[in-house]
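To keep things clear, I will list the structure first and then write my remarks on it.
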Amino acid sequence: MEHPVYVEKQWMKLLWIILPVSTVLLLAVQMIYLGPGMPGIKLALPLVSLLLLALLGALTISVDASYLRWHFGLIGFPSWKIALSDIAYVEATTTSMMEGYAIRFTSKGMLYNATGNTAILVVLRNGKALRLGTQDPQRLLSYITPRLNAS
């Protein structure tokens, strides 16, 4: 991977709030109704929560001289990349609350979003489109657009 000229990390704040709180509440309910026994069940819930946070806790977008890349989670998986030479154009757009967060298939193509309702629309030369959620679409566009002509 070349050195990125742009990197943006967005935390899925709602997930970081809901998962720990719900894990503690469910563990409390388990302690009340199941008692101190069954440690396997009590251990599984926090492990599943940690796994979800590791896989979906953040969205990172980066641009280097050749690629637009993005990945979810803290471990960089799942991840995707598109050669800048495969991009026809990009533009700022928005997402609706109904489209939600994380990885979604929508009527406008795939949506990769962690927070907020601003995004960039990436239209590929083959006609496919996708949207990447970003907190500053104009800044991201300012890094991608000049590289489209250079690639």
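The residue pairs whose first member lies in segment 80-94 and is of a type in the set (Gly, Ala, Ser), whose second member is surrounded by fewer than 15 Cβ atoms within 10 Å (Cβ to Cβ), and whose beta carbons are closer than 8 Å, counting only pairs six or more residues apart or on different chains, are Ala83/Ser151; Ser85/Ser151; Ala88/Arg125; Ala92/Gln138.
Residues of segment 56-68 being surrounded by 19 or more Cβ atoms within 10 Å (Cβ to Cβ) and either of a type in the set (A, V, I, L, M, F, W, C) or in contact (Cβ under 8 Å) with a residue 60 or more places away in the chain (or both), which ones? Correct list: Leu56, Ala58, Leu59, Ile61, Val63, Tyr67, Leu68.
Yes/no per residue for (1) at pLDDT 95 or above; (2) not in a loop (DSSP other than H, G, I, E, B):
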position	(1), (2)
Leu43	no, yes
Leu47	no, yes
Leu50	no, yes
Ala54	no, yes
Trp70	yes, yes
Ile75	no, no
Lys81	yes, yes
Ala92	yes, yes
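Taking the criterion of being surrounded by fewer than 15 Cβ atoms within 10 Å (Cβ to Cβ) and not in a strand (DSSP E or B), the residues of segment 5-25 that qualify are Val5, Lys13, Leu14, Trp16, Ile17, Ile18, Pro20, Val21, Ser22, Val24, Leu25. Selection of segment 94-106 for residues being part of a strand (DSSP E or B) and not small (Gly, Ala, Ser) yields Thr94, Ile103, Arg104, Phe105, Thr106. Within this structure, Ser85 passes the test of being at pLDDT 85 or above, assigned by TED's automatic domain parsing to the domain that holds Asp136 and in a helix (DSSP H, G or I). Considering only residues in segment 118-151 that are among the charged types (D, E, K, R) and within 14 Å of Thr95 (Cα to Cα), the one that is surrounded by the fewest Cβ atoms within 10 Å (Cβ to Cβ) turns out to be Asp136. Scanning segment 70-114 for residues that are in contact with a Phe, Trp or Tyr (Cβ under 7 Å, 6 or more places away or on another chain) and surrounded by 13 or more Cβ atoms within 10 Å (Cβ to Cβ) gives Trp70, His71, Pro78, Trp80, Lys81, Ile82, Leu84, Ile103, Tyr112, Asn113, Ala114.
The values are calculated or read from the model by the stated rules, or taken from the named source; none is laboratory data. Just so we're clear, the structure is a prediction, and the values are computed from it rather than from any experiment. Cβ atoms come from the backbone with ideal geometry, glycine included; neighbour counts cover every protein chain shown.
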